[in-house]
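Following: one structure in structure tokens, then a few remarks.
What follows draws every value from the coordinates through simple rules; no lab data is involved. Keep in mind the model is a prediction, meaning the values are calculated, not measured. Using ideal geometry, Cβ is built from the backbone for each residue, glycine included, and neighbour counts are taken over all protein chains shown.
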């Protein structure tokens, strides 16, 4: 599946966005389910896209290959990054997310804003200062949608990357732990575009997470950088079923940034040369596995390129969801080019 020649920067940019969408769609029917239930329904490792089960609390009846809020919010953020030439104004993001949720309700969807984003936007609507609305946001909502910032920013300038992560996240996730998780994902994606393999990208992610943890409001939470290092070491040389067992039992797969972000990195580290396997593993791990798989897919896609995914899977996700990922990648790369030239 991986191309014989090294992927171009554009291939990697498209790969990051495509991997996010593929991982998200694989995890759509398994999200919010325990690993045991996933294993009984789909086997130890999901084999591809499946429709939302009729009894699913969020995804009932969705067609196979449908993405969730992870991809849809990443697309929203990508458009804002392109329009703002890298800068994201918190009020614009808030407005866009509220409009998106209204459109989801109109479609009859139950997959709405996450708890941190919902709480922050409610406070904003009530007149709160945008600089204060994200002070309790600790969940993975910032990390799940941050991939466009990584595509639009070179990894050599971690200060700029972290500044952009903070600007794109502060309205809903202005805490050290959430910003560390989002910075880790953006940095890994950016490093992938710069030619890093997955292990190298993880190293850049750890450095970014360590720096970003000092930004935003302090909350009591485990250190994201330390947990990425620990989790990726934990799974070294293990078989897929062992990896999933350890990630599910020890690393954790909840909405908490300090669980789901290290979980995604651990699965990417376990199969650094096989993006499709990594996404299927992440979608099979249980818990918030649509988000974990989306992050895993973005990291692996950035490092390996769009050709690392089966052509049929790419076509399915693009067609089912009408996603303009090539155009978004091109727009984000223009922002990246402008920043590196300045």
Correct option for Rg/Rh (Cα atoms, Kirkwood Rh) [calculated from the coordinates] among [x] 0.96; [y] 0.98; [z] 0.93 = [z]
Between residue 239 and residue 128, what is the spin-label point distance in nm, taking each point 7 Å from the Cα along the Cα→C-beta axis?
-> 4.8
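With runs of 4+ DSSP H residues as the only contributors, calculate the mean residue ellipticity of the chain at 222 nm using -39,500 (n - 2.57) per run, divided by the residue total and rounded to the nearest 500. Spell out each step's value before the answer.
Working: 17 runs with 210 residues, N = 342.
Computed ellipticity for the chain at 222 nm equals -19000 deg cm²/dmol.
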Take the alpha-carbon centre of region 1-73, take the same for region 251-288, and report the distance between them in whole Å.
-> 12
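Under the classification rounded if a/c is under 1.5, otherwise prolate if a/b is larger than b/c and oblate if not, where does region 168-274 fall, given a ≥ b ≥ c as square roots of the Cα gyration tensor eigenvalues? Please report the intermediate quantities before stating the final value.
Details: a/c = 2.30, a/b = 1.34, b/c = 1.72.
Because a/c hits 1.5 or more and a/b fails to exceed b/c, region 168-274 counts as oblate.
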Using packing as a proxy for protection, rank 93-104, 262-273 so that the peptide with the highest average count of other Cβ atoms within 10 Å comes first.
-> 262-273, 93-104
Can you tell me the FRET efficiency between residue 338 and residue 207 if r is taken as the Cβ-Cβ distance and R0 is 22 Å, rounded to the nearest 0.05?
-> 0.35
Could you work out which residue, out of 310, 51, 34, moves most in a Gaussian network model of the chain, that is, has the largest mean-square fluctuation with Cα springs under 10 Å?
-> 310
Multiply the residue separation of residue 254 and residue 95 by 0.36 nm, subtract the distance between their alpha-carbon atoms, and state the gained length in nm to one decimal.
-> 54.5 nm
Check: C-alpha center region 118-165 vs C-alpha center region 180-219, spacing in Å is 14
So what is the relative contact order of region 256-342, in percent, for Cα pairs below 8 Å that sit 6 or more residues apart?
-> 23
With a 10 Å radius around each residue's Cβ, average the other Cβ atoms per peptide and rank 35-47, 12-24, 281-293, highest first.
-> 12-24, 281-293, 35-47
